Amino acid sequence: MSWLLILLIGLPAAAGAALALAGAKADRFAAVLSVVVSALVLGTASAAAALRPSLAAPFLAGSEFGLSVDALSGMLLPAVAGVAFLVLLYAAASGIGTPARFHGLMLIFIASVLVTVTATTLSTLLFAWEIMGAASYTLIGFHWKESRRVSSGLTAFVATRTADLGLYLAAGAAMASGAKSGDAMPLAGLDSLPGPWRDIAAAGILVAALGKAAQLPFSFWLSRAMDGPSAVSALLHSAAMVAMGGYLLLRVQPLLAATGWAADAAAWAGAATAVILGFIAIGQQDLKQLLAASTAAQLGFVVMAAGVGDTAGGIAHLMAHAATKSALFLAAGAWLAALGTKKLADLRGAGRRWPLLGGAFTVAVFSLAGIPPLALWATKDNILTAAREHSFPLYIAGLAGAVLAAAYAAKAVALIWRSVLPGTASAYDAEETGSRKVTPWQMVPIGVLAVGAAVSGLLVLGVTGDAVRGVLGSRAESSLLELAASGLLAVAVLVVVWVRCGNLPPLPGALAWLHMERAAHIVLVRPVLAAASSLARFDDVVLSRGVERAAEKVLQGAGGLNRADGALDHGTDAAAAATSRLAGRSAITEQTIDGAVDSLAGSVRRAGAAARRPQTGQLHHYYVQAAAVIVVAAVLLIVVR
């Protein structure tokens, strides 16, 4: 069945890459192709959830590229694919500039999320984590000609990348310990790592997950991510990158529990985020900013669930929140496209103007508030029950977060149903030119998601809840008294806020998200830039100049050696010339001697020949010769005397 996983990942990845590379040439059919591919992915994800395929291939030394669908990922896969399909359907109905690039990037983003959900090893998770982060950067800064949006994408990318270093730390720890046992980096076996490696891995994964889930102190990047298109926000916040931070902690919950400290750290980080980001959400004046702060706050409950060991409640809350938040972001996007604004004060009466859209928004926002019998009411209470069994102060903190959720949700819904004030229309088109219409095809995905926001609480209730808890091994189950008390509390808060017409006293600094981005600049960014600047100056003044001077010395030495080499070459040439001349002279002398020797030899040969002539063998010749010798001797004697 590994072909199911290949199809599940490969289909959106290949289609997305093709669309992104084709660019404007594919604009005409990009939206249709994207919707068709996402529908196929939804079908494949549903089949994979039922058949539980797995796949493994060699990847890195000591680790493999592993994908598998188990009980946890099998529950989340159809939810991710379903939300992605509906968001792309909405984007196709709304229309967006450069659709091929947009839908291509969205499909690549979805493929990376699907790999994250099914990853079985840290190396596979890192692979998907990197692509997911890069795709989110391009999507948040999709309108790249506007510097503010590109800066927002960069802020989100750098903030999450800083936290991602924890995942590399965890991978290093797993690799270091796995090298001894020969079994490195499986996610399911991290809780059995020896000694300090387990704690290092837990700390690294906790930091990485808190960064992706926009938990404290990383929450500020989610505010900047609101500069992306509404469809991107709907997917990013509900079933994609932000949700994956909470999912990762649920996946490695045994590791958190095994350390003895990481589970508590996660639980309290989630509770703190639910409370503080709840206050921040109340102080917002922009609908998307309110929803963004509420995303971090609601995922705080998922992180808390991972800390207290309520995996069933955590995954149910994650899925219910995915439907709820994607419906809310798509509704906010529809109003932004229609009215040209997303300011809460300027959206007065938006629900009355488009009743179906207002109704769907109300169902989703009531779920966000925890109003019975909607989804987040039940799933949140399931986590609070587990938190109460773990720590009563933690339960109180979680309950405070639930009260704040009711307050910020009520603020949003109270305003959209209020009467339009005389000057409200003059504020339209402040952010973009509105079309003054919402199409039926925009309403279809919002309506479906609103239904999901209403009914997905069944994942923790009744027979379905028992089945989910049985599969995932969780025990927490809210009593009727807890559910009733929580519901009444949420309704009471809703009524109070409604009576106050949505006017709530904000926490000082809430509008600016407690200046967390500025604090990050002061605490981290500026010191890093200052250190980088100092190192750059050290490089310029010391290292670079030293290298330049060394190079000058080397050049000078090379020049001297070059001159010496030239002189040596000159001497060699002169010696060669002298040797050549000497050799020439030697050749002449040799020629003269040879001539003399040849001449002497010729004379000797001639003398020998002449000497042989008297040897005739005739006697009278010898007498003549003897007479001649005697005459010569007589003459010589006379002369000498």
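Kirkwood analysis of the stretch 446-497, using all unique Cα-Cα pairs, places the hydrodynamic radius at 12.9 Å. In the assembled protein chains, residue 528 presents an accessible area of approximately 80 Å² (probe radius 1.4 Å). Near residue 418, the amide H atoms lying under 5 Å from its own belong to 349; only residues 5 or more places off or on other chains count, and H is placed 1.01 Å from N.
In the assembled protein chains, residue 522 presents an accessible area of approximately 90 Å² (probe radius 1.4 Å). Averaging Cα coordinates gives a centre for the stretch 330-379 and one for the stretch 604-641; these two points are 155 Å apart.
What percentages, rounded to whole numbers, describe P(r) for the stretch 341-413 computed over all alpha carbon pairs with 10 Å bin width beginning at zero? Reading upward from the zero bin: 19, 40, 25, 12, 3. Across the chain, C-alpha contacts under 8 Å between residues 6 or more apart give a mean separation that, scaled by the residue count, equals a relative contact order of 12 percent.
Take residue 588: with every protein chain present and a 1.4 Å probe, its accessible area is about 110 Å².
Working note: Cα atoms of the stretch 437-586, range along each principal axis, descending, whole Å: 125, 46, 43. Relative to the longest principal axis of the Cα atoms of the chain, the long axis of helix 195-212 makes an angle of roughly 70 degrees. The stretch 254-279 and the stretch 588-603 have Cα centres lying 114 Å from one another.
With all projection directions averaged, the alpha carbon convex hull of the stretch 276-333 covers 3.8 nm². For the stretch 355-504, pairs of C-alpha atoms spaced more than 19 angstrom apart make up 61 percent of the total.
Cα centroid separation, the stretch 1-67 to the stretch 207-241: 23 Å. Lysine pair count for the chain with Cα-Cα distance under 23 Å and sequence separation of 8 or more or different chains is 22. Each other residue within a Cβ distance under 13 Å of residue 329 adds +1 if Lys or Arg and -1 if Asp or Glu, for a net charge of +2. What the Kirkwood sum gives for the stretch 96-230 is a hydrodynamic radius of 15.8 Å, with every pair of different alpha carbons counted.
So if I place +1 on the C-beta of Lys and Arg and -1 on the C-beta of Asp and Glu, and nothing else carries charge, what would the dipole magnitude of the stretch 374-438 be about its Cα centre? I want it in debye, nearest 20.
Details: 6 positive and 5 negative charges, 38 e Å.
Roughly 180 debye for the stretch 374-438.
Between the listed residues 501, 592, 522, the Cα displaced farthest toward the positive end of the dipole of the stretch 494-641, a dipole computed from Cβ unit charges relative to the Cα centre, is found at 592. Relative to the dominant Cα principal axis of the chain, helix 71-94 is inclined by about 90°. Does anyone have the angle between helix 241-251 and the longest principal axis of the chain? Alpha-carbon axes, 0 to 90°, nearest 10? That helix lies at roughly 90 degrees to the long axis. Packing-based ranking of 94-103, 626-635, 432-441 yields 94-103, 432-441, 626-635, ordered from highest to lowest mean Cβ neighbour count within 10 Å. When the helices in the chain are scored as -39500 (n - 2.57) per DSSP H run of 4 or longer and the sum is shared across all residues, what 222 nm value do you end up with, to the nearest 500 deg cm²/dmol? Helix-only estimate at 222 nm: -25500 deg cm²/dmol.
Note on the stretch 226-350: dipole from Cβ charges, positive end direction compared against 301, 228, 243; the farthest Cα belongs to 228.
Using Cβ point charges alone (K and R +1, D and E -1), the dipole size of the stretch 250-364 about the Cα centre works out to roughly 500 debye. When you count the other C-beta atoms within 10 angstrom of each residue and take the mean per peptide, 329-341, 138-150 line up highest first as 329-341, 138-150. The magnitude of the dipole of the chain, with charges of +1 and -1 set on the Cβ of Lys/Arg and Asp/Glu and taken from the Cα centre, is near 1340 debye. Legend: P(r) of the stretch 1-125 from all alpha carbon pair distances, 5 Å bins from 0, whole percents, reading 2, 13, 22, 21, 17, 12, 8, 4, 1, 0. When each of the peptides 293-301, 70-78 is scored by how many other beta carbons lie within 10 Å of its residues on average, the order from highest to lowest is 293-301, 70-78. Counting only protein heavy atoms and a 1.4 Å probe, the stretch 564-641 has 84 square angstrom of accessible area per residue. Its Kirkwood hydrodynamic radius, worked out from the mean inverse distance over all distinct Cα pairs, puts the chain at 28.8 Å.
The values are calculated or read from the model by the stated rules, or taken from the named source; none is laboratory data. As the structure is a computational prediction, the values presented were derived from the model and not from experiment. Cβ sites come from the backbone with ideal geometry, for glycine too, and all protein chains shown count toward neighbours. We work out accessible area using only protein heavy atoms, side chains counted, and drop any ligands, DNA or RNA first. Shrake-Rupley method; radii C 1.70, N 1.55, O 1.52, S 1.80 Å.
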